[in-house]
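What follows is a short report on a single structure.
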Amino acid sequence: MATIEAQNISKYYGKQKALSNINLTIKKGEVVGLLGPNGAGKSTLMKILTSFLPPTSGTALINGVDVQEASLDIRKLIGYLPENNPLYTDMYVKEYLRFVFDIYKNPGNPNQAVDRLIDLTGLQSEYKKKIGALSKGYRQRVGLAQALIHDPEILIFDEPTSGLDPNQLIGIRKIITDLGKEKTVILSTHIMQEVEAVCDRVIIIDKGRIVADDATINLFKMAGNKQSFRVEFKEQFSENILNQLPFIDKVQLLSKNEWLIESKDNKDIREDLFKFAVANNYNVLSLIQEEQKMEDVFRRLTEQ
Ligand code: ADP
Ligand code: MG
């Protein structure tokens with residue numbers, strides 16, 4: 001049984017269409033990145049999956065149960081960090097987490113549960129402060145802690161790292177990566193590197209539609225069937241010589257003797273290039289395989 005399922009979900013805000021026929025299935029233990037530009041519909045989809053917002057049409061299911069039918073039960077299964085992480089800034093960290101613990105009517109010892117989360121989210125040095133006095137990075141940690149307080153099996157984090165500086169960001173990603181080992185996770189972001197770093201699967205949405213849904217590794221391959229190589233020869237020669245080679249699709253002269261070469265059929269042609277050079281008495285000064293970037297995949301998939 002799928003842990004999370006969206007069946008033909010569409011959402012309108014008045015006349016504004018936010019989601020269009022979304023279908024997805026997420027299995028237990030997957031860590032899925034929901035990637036898309038601002039306004040793509042990421043937050044709307046997350047609110048629907050967590051039962052905070054009803055879809056206009058279609059059904060969201062958690063463990064096979066319609067979230068609109070059993071919203072309270074569903075919320076016990078889900079830890080949700082909403083966009084902009086709304087917190088009570090006048091409360092002390094520990095007091096707030098205790099407050100959230102009580103809302104869920106959790107069984108067990110509240111102090112132990114809260115202390116465990118303070119450790120888990122790295123709030124040991126901050127838990128005596130008021131939330132309003134915390135840096136953005138620590139506020140996000142409080143947001144994560146509140147989402148985890150009832151030990152949910154599913155975590156839905158809406159842009160958990162947005163607005164963080166690089167150091168804060170690494171800390172939060174580390175926590176999410178660790179959580180991903182035990183939980184089913186959906187996180188939204190518009191940062192490609194984030195899904196690369198954290199997620200094993202990526203769902204790209206654009207203008208309310210899913211434009212790609214695949215393993216993170218596969219999406220790199222989808223960036224067009226092109227592999228590029230940057231090669232510098234000692235000798236100068238004409239473009240025709242390269243264009244004639246059967247393993248080359250496209251060439252571009254970058255500087256005097258340096259070329260950007262796209263291979264045919266997504267092939268690694270480094271060896272072919274060396275053999276070509278040796279056979280023709282050319283000297284290869286450098287040869288670099290350009291990395292496929294998630295940015296390229298995204299641009300291609302969301303291009304008009
Ligand atoms: P994302 O999280 O990917 O930035 P959202 O789900 O917030 O996207 O928004 C999707 C679309 O729905 C956008 O066009 C946005 O302007 C619109 N939208 C979101 N929330 C509301 C709302 N409460 N009322 C009207 N339109 C909304
Ligand atoms: Mg959003």
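The values are calculated or read from the model by the stated rules, or taken from the named source; none is laboratory data. Just so you know, these numbers come straight off a predicted model, no measurement behind them. Virtual Cβ from ideal backbone geometry, glycine too; neighbours counted across all protein chains shown.
Selection of region 147-180 for residues being in contact with a Phe, Trp or Tyr (Cβ under 7 Å, 6 or more places away or on another chain) and not β-branched (V, I, T) yields A147, H150. Close contacts from region 1-18, counting a first residue that is acidic (D, E) and a second that is away from ligand 1 (no atom under 16 Å from the Cβ) and at pLDDT 95 or above, with Cβ to Cβ under 6 Å and a gap of 6+ residues or different chains, come to E5/T25; E5/L61. Does any residue of region 182-197 turn out to be surrounded by 21 or more Cβ atoms within 10 Å (Cβ to Cβ), under 23 Å from G41 (Cβ atoms), more than 15 Å from the chain's Cα centre (by Cα) and not aromatic (F, W, Y)? No, because not a single residue in region 182-197 is surrounded by 21 or more Cβ atoms within 10 Å (Cβ to Cβ), under 23 Å from G41 (Cβ atoms), more than 15 Å from the chain's Cα centre (by Cα) and not aromatic (F, W, Y).
Please enumerate the residues belonging to region 154-170 that are crowded, with 17+ Cβ neighbours inside 10 Å, more than 16 Å from ligand 2 (Cβ to nearest atom) and modelled with pLDDT under 95. Spell out the reasoning first.
Step one: filter region 154-170 for residues crowded, with 17+ Cβ neighbours inside 10 Å, giving 154-162, 164, 168-169.
So of that shortlist, the ones also more than 16 Å from ligand 2 (Cβ to nearest atom) come out as 154-155, 168-169.
Q168, L169 - these are the residues of region 154-170 that are crowded, with 17+ Cβ neighbours inside 10 Å, more than 16 Å from ligand 2 (Cβ to nearest atom) and modelled with pLDDT under 95.
Okay, residues lined up against (1) within 14 Å of ligand 1 (Cβ to nearest atom); (2) of a type outside the set (K, R); (3) touching a helix residue (DSSP H, G or I) at 6+ places or on another chain (Cβ under 6 Å):
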residue	(1), (2), (3)
N8	no, yes, no
K17	yes, no, no
S20	yes, yes, no
K27	no, no, no
L34	yes, yes, yes
K42	yes, no, no
G79	no, yes, yes
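One residue stands out in region 210-247 among those that are assigned to a strand (DSSP E or B) and within 18 Å of Q289 (Cβ to Cβ): the one that is modelled with the lowest pLDDT, namely S228.
Scan region 264-304 residue by residue and report those that are among the hydroxyl-bearing types (S, T, Y) and at pLDDT 90 or above. Walk me through how you get there before you give the answer.
First, pick out the residues of region 264-304 that are among the hydroxyl-bearing types (S, T, Y): 282, 286, 302.
The answer is Y282, S286.
Each residue in region 1-41 was checked for being away from ligand 2 (no atom under 14 Å from the Cβ), within 22 Å of K174 (Cα to Cα) and either in contact with a Cys (Cβ under 7 Å, 6 or more places away or on another chain) or polar (S, T, N, Q) (or both), and 2 pass. Hey, any hits in region 114-124 for a residue that's over 30 Å from R201 (Cα atoms), away from ligand 1 (no atom under 16 Å from the Cβ) and in a helix (DSSP H, G or I)? Within region 114-124 (the criterion being over 30 Å from R201 (Cα atoms), away from ligand 1 (no atom under 16 Å from the Cβ) and in a helix (DSSP H, G or I)), the answer is yes, since at least one residue qualifies. For beta carbons closer than 7 Å, sequence separation of 6+ or different chains, a first residue in region 156-174 that is farther than 23 Å from D119 by Cβ and a second that is of a type in the set (F, W, Y) and within 16 Å of ligand 1 (Cβ to nearest atom), there are no qualifying pairs. Residue pairs whose Cβ atoms lie under 9 Å apart, separated by 6 or more positions or on different chains, with the first residue in region 239-267 and hydrophobic (A, V, I, L, M, F, W, C) and the second loosely packed, with under 14 Cβ neighbours inside 10 Å and part of a strand (DSSP E or B), are W259/Q252; W259/L253; L260/K250; L260/Q252; L260/L253; L260/L254; I261/K250; I261/Q252. Of the residues Y92, Y96, Y127, Y80, the single one that is more than 30 Å from I9 (Cβ to Cβ) and in contact (Cβ under 8 Å) with a residue 40 or more places away in the chain is Y96. Considering every residue within region 55-67, establish whether at least one is touching a residue at least 40 places away in the same chain (Cβ under 8 Å) and charged (D, E, K, R). Looking for residues that are touching a residue at least 40 places away in the same chain (Cβ under 8 Å) and charged (D, E, K, R), one finds none in region 55-67, hence no. Do you know which of the residues in region 11-47 that are within 20 Å of N84 (Cα to Cα) and of a type in the set (S, T, N, Q) is surrounded by the fewest Cβ atoms within 10 Å (Cβ to Cβ)? That would be N38. Filtering region 201-208 for residues that are on the phi > 0 side of the Ramachandran plot, in contact (Cβ under 8 Å) with a residue 12 or more places away in the chain and surrounded by 18 or more Cβ atoms within 10 Å (Cβ to Cβ) leaves a non-empty set. Of everything in region 48-76 that is crowded, with 21+ Cβ neighbours inside 10 Å and within 22 Å of the chain's Cα centre (by Cα), the residue that is nearest to ligand 1 (Cβ to nearest atom) is I48. Go through region 97-109 and give me each residue that's surrounded by 15 or more Cβ atoms within 10 Å (Cβ to Cβ) and over 11 Å from Q146 (Cα atoms). Once the filter is applied, which keeps residues that are surrounded by 15 or more Cβ atoms within 10 Å (Cβ to Cβ) and over 11 Å from Q146 (Cα atoms), region 97-109 yields only N106.
In the set V297, V251, V278, which member is β-branched (V, I, T), surrounded by 12 or more Cβ atoms within 10 Å (Cβ to Cβ) and part of a helix (DSSP H, G or I)? If you could, list the steps in order and put the result at the bottom.
Details: V251 fails: part of a helix (DSSP H, G or I); V278 fails: surrounded by 12 or more Cβ atoms within 10 Å (Cβ to Cβ).
Within the list V297, V251, V278, the selection yields V297.
So which of F157, F229, F237 is aromatic (F, W, Y) and within 16 Å of ligand 1 (Cβ to nearest atom)? Before you say what the answer is, go through the steps one by one.
Numbers: F229 fails: within 16 Å of ligand 1 (Cβ to nearest atom); F237 fails: within 16 Å of ligand 1 (Cβ to nearest atom).
One residue alone meets the criteria, F157.
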